[in-house]
Every structure is written in C-alpha cells, then in structure tokens.
Amino acid sequence: MTNRDYANTRPTRKGKAKTKTTRRKRQAPAPRRFPLVLLLVTLGLISGFGYFLWTINNSAEELDEKEDPVVEQTAAKPTQKQDPKALPPKPKEEWTYQQELLNMQVEVDIPEVTAPTHRYQMQCGSFRTRPQADQMKAVIAFQGLESDISKVRGTTGDWYKVSLGPYDRKRQAEKHRHILQKAGIDGCFLMYVKK
C-alpha cells in the first residue's frame, strides 16, 4: 500500500487530486581542474633546492683544492720494534688539590642564637556561651593538647575564646595546628603576643 500525502494535495478541475511533488535535479559535480599554480610552485622549490646543493658542492670542492696541506716528510728515527698490542707507558699523575685540601682551613660564621622578640598564640574558636567553649576545649584535650578559655567583653556582648599557647617558636605552634587539622578542627589561626 502506498503512502499518500493528503495535506499537500489540491483539487483539479476534473475532481482528481493532484499531489504536489517536486524533484530536485542533481547537478553533476564540476570536473576538477589541475592545480597549475601548485605545480609551478613545487617545481620552483625543487629546482631552487637542486641549485643550492650544486653551489654547496662546488664551494666545497674549491675549498678542498685551496686548503690541501703540504706534508713535509721528516727523517724517521730508527725505533725499536714494539709489540703492537703493548700499551703506552702510564703517565705520571700530579694532583695538587689533595695537599690543598689537607692544608686548608675553613672559617664558618655561626649566627648567634637570639631569643625571639615575640611569642605566638593560637586561637581555635570564639563562642557566645561557656558550654560551647568547654566542648571545644574537650575536643582539643582529646588530641593531647592543653587549651585555655578566656572571657572577653566585646561591643556585642561577652565572648569565650579558646586558645592554645603561648609558644616561643612558630614551628611548635604550626605542629599543634596540624594535629588539630587532622582531628577536623580547621579554624585555628596564629597571633603575635607581646612578651
């Protein structure tokens, strides 16, 4: 059974429906033209390369003719017949750096260890209520560190700050901060404290 397109039909005078079909005529592809410009450029490049090689070869031959050294033959000294497999005598090695190193004195400037000018303190939290601060202190205590809670009066009311330290060296404070980070406490930061 054939499919009919009833939407695109129009009635004719005799009552028969005429379908509207259009067929496109396929055009034959244009014949490809030989790329004459490409051929000329390629031939020019090949001939230029050949000329370049020819000039290099001629200049090399001219240099060889000009630079032939005159070999003077000298009277060969009569030598003893040596074994062709024999090795030449071992050269005498003279090393001077060994004596220089033995006699050298090295001066090293060691800086004096000075006491730090300031100390560090690490604050790990600031809470509105004392029980929240106690809970943070307990979590820090489970990590093996000792912390303090201080009450600070601010413009918005009382705050309870949980802090560790003071530390003489920043390295020790950083070590404790890494221990707390492994426990999931990421809000700690270092501050300078006056002596």
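The values are calculated or read from the model by the stated rules, or taken from the named source; none is laboratory data. What you see is a predicted model; the values in this text were computed from it and never measured. Positions of Cβ are backbone-derived with ideal geometry, glycine not excepted, and every protein chain shown enters the neighbour counts. These area figures cover heavy atoms from the full protein model, side chains too; ligands, DNA and RNA do not enter into them. Shrake-Rupley method; radii C 1.70, N 1.55, O 1.52, S 1.80 Å.
Ranked by the mean number of other Cβ atoms within 10 Å of their residues, highest first, the peptides 110-117, 173-180 fall in the order 173-180, 110-117. The apolar share of the surface of the range 115-167, taken as the fraction of accessible area on carbon and sulfur atoms (1.4 Å probe, ligands and nucleic acids excluded), comes to 51 percent. Taking every alpha-carbon pair under 8 Å whose residues sit at least 6 apart, the range 86-161 reaches a relative contact order of 24 percent. For the range 144-195, the spread of Cα coordinates along the three principal axes comes to 33, 29, 16 Å, biggest extent given first.
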